[in-house]
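Working notes, structure below.
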Amino acid sequence: MTDFKELVYRGVESDVLDYKAPVNWTELPKQQKAKFVRHALAFANTCGGAIVIGVREDASGRPVLYEGLDDLQCHSFDPSTVTTYINSHVDPAIDITVERPQIDGKYYAILIIKPFRDIPHVAVHSIDEELRSGVFYIRTASASSRPAARAGEMHDLVRRALRNQRDLLGNLLKEVLGERPVESSSAATPVKEIFPLEYNESVEYFSKRIGSGFAPDTPVLDIAIMPEQTSGQPPTVPLSELRTAVWNALQSIDHPETWLDNADLEASYATNVSLRGISKQRDRFWQLFQNKLMHFRCVLPDKLEYKAFAGQLSDFFELVRAIYTQKLFACRGINCQLTIEHSNNMQLIMPENLPEKPGICRIDQIRILNGIELSTLQKDPALVSEQILKELTVRFNA
């Protein structure tokens, strides 16, 4: 687990750490946002790293003035907004996590950037002198985020990319030779990296249409199901068949109304690439894409009842089973990404024997990634939900 307090108070920039003075993300001009994109690219192409916002430099240039962020500044660093902007300027998408911890009574925003998995990231747009299209940026030991201009630097990027590809190929050969159980190749990969356009579009759609009665920091549950297709399977499902597939699934189960029912299906409509629906209260949204990605977002209470949520999650995977075991979707397994946004200070109310000890989340975003074998999902959907609930209770320190 990342020690956010240690990051904030480290007091020196390096090849894995950068500091920024308190700012409001939504008020930043393009040139200033481009600096964040450049730093993110540099960290992702090197060893990964973190950008801490809320620490100002003193007269000697040392980042040791721990001012923190006010409420507006802190809320402006919405994870989906920041990551969507950064990844709209790079290719492939960078794995970024936005945290907003409270440390010694002050809030900070921290961008955690992971190193590239397969190939290096490149800028795809130019912004003034801060960002140049077609450039690979790297982070140096002198805490500089600059283009990889030297032959040795480009060679290092290529070498690491080849090593990553070699490891991926090695794992694939082991699967073919039966040396280990077949696992999902993307089980630990965020959905925004696999389906960036679809996922970001869904998040933006919901954020624009969520009911006006919900505050900006209202907890939001986000669940994305990413299938792993069998070889030779067509990459997409015809739009005309998506609605039928959902209808067939609903008829085969006790309708889990928390997620999707016949009324929701009747009120849904087709886009160019998906089937989409949103509840009358505008607190629940779902979308099923031609590429077999399923995406749900819904509002959560600040106090989450464990038993009730466990039942809802079990219903959800019953619905997933009913959809993804149809021949139309033909996949050998699925990957589930469960995220809870604005989770800081949320409570998880435990069962009756522990009502006086609610679990409390101390991070602003929970993210759980699980690879799930289709055979396990068919046999016992509740078992899948139990595995995720175990990980969830750890995030709530329960």
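Could you tell me the calculated FRET efficiency between Glu130 and Thr81, based on Cβ-Cβ distance and R0 = 22 angstrom, to the nearest 0.05? So the FRET efficiency works out to roughly 0.70. The packing ranking, built from the mean of other Cβ atoms within 10 Å per residue, places the peptides 369-379, 311-321 in the order 311-321, 369-379, highest first.
Before anything else, pin down the relative contact order of the range 74-119: Cα pairs under 8 Å, at least 6 apart, normalised by residue count, whole percent. Rounded, it is 35 percent for the range 74-119. Positive contributions from Lys and Arg (+1) and negative ones from Asp and Glu (-1), summed over other residues with Cβ under 11 Å from the Cβ of Gly311, come out at -2. Extending 7 Å from Cα along the Cβ direction at Glu386 and again at Arg243 yields two label points whose distance is 3.9 nm.
Estimate the FRET efficiency between Arg209 and Ser375 by the formula 1/(1 + (r/R0)^6), using the beta-carbon distance for r and 35 Å for R0, to the nearest 0.05.
Once rounded, the FRET efficiency stands at 0.40.
Compute the FRET efficiency between Leu328 and Lys30 as 1/(1 + (r/R0)^6), taking r as their Cβ-Cβ distance and R0 = 41 Å, and round to the nearest 0.05. It comes out at approximately 0.40. Taking every C-alpha pair closer than 8 Å and separated by at least 6 residues, the mean separation divided by the residue count of the chain gives a relative contact order of 14 percent. Within the same chain, aspartates and glutamates fewer than 8 places from Lys280 are excluded, and of the rest, those with a Cα less than 14 Å from its Cα are Glu257, Asp261, Asp264, Glu266. Just add up the charged neighbours of Ile103: K/R +1, D/E -1, any other residue whose Cβ is under 14 Å from the Cβ of Ile103. Spelling it out: positives minus negatives among the neighbours equals -1. When the Gaussian network model of the chain links Cα atoms closer than 10 Å, the mean-square fluctuations of Gln290, Gln31, Gln73 top out at Gln31.
Taking only the C-alpha atoms of the range 1-144, the Rg (one decimal) and the largest Cα-Cα distance, Dmax (whole number), read 14.3, 42 Å. Here the Karplus curve 6.51 cos²θ - 1.76 cosθ + 1.60, taken at θ = phi - 60°, turns the phi angles of the range 65-77 into couplings of 9, 8, 7, x, 10, 7, 4, 5, 5, 5, 5, 5, 8 Hz, with x standing for Gly and Pro.
Taking a ≥ b ≥ c as the square roots of the eigenvalues of the Cα gyration tensor of the range 291-398, is the shape rounded (a/c under 1.5), prolate (a/b larger than b/c) or oblate? It comes out prolate by the Cα gyration axes. Straightening the chain between Leu197 and Ser60 buys 45.0 nm, computed as 0.36 nm per residue apart minus the Cα-Cα spacing.
Since every read-out is calculated from the coordinates, none of them should be taken as a lab result. Since the model is a prediction, treat every value here as computed from it, not as a measurement. Glycine also receives a Cβ, built like all others from the backbone with ideal geometry; neighbour counts cover every protein chain displayed.
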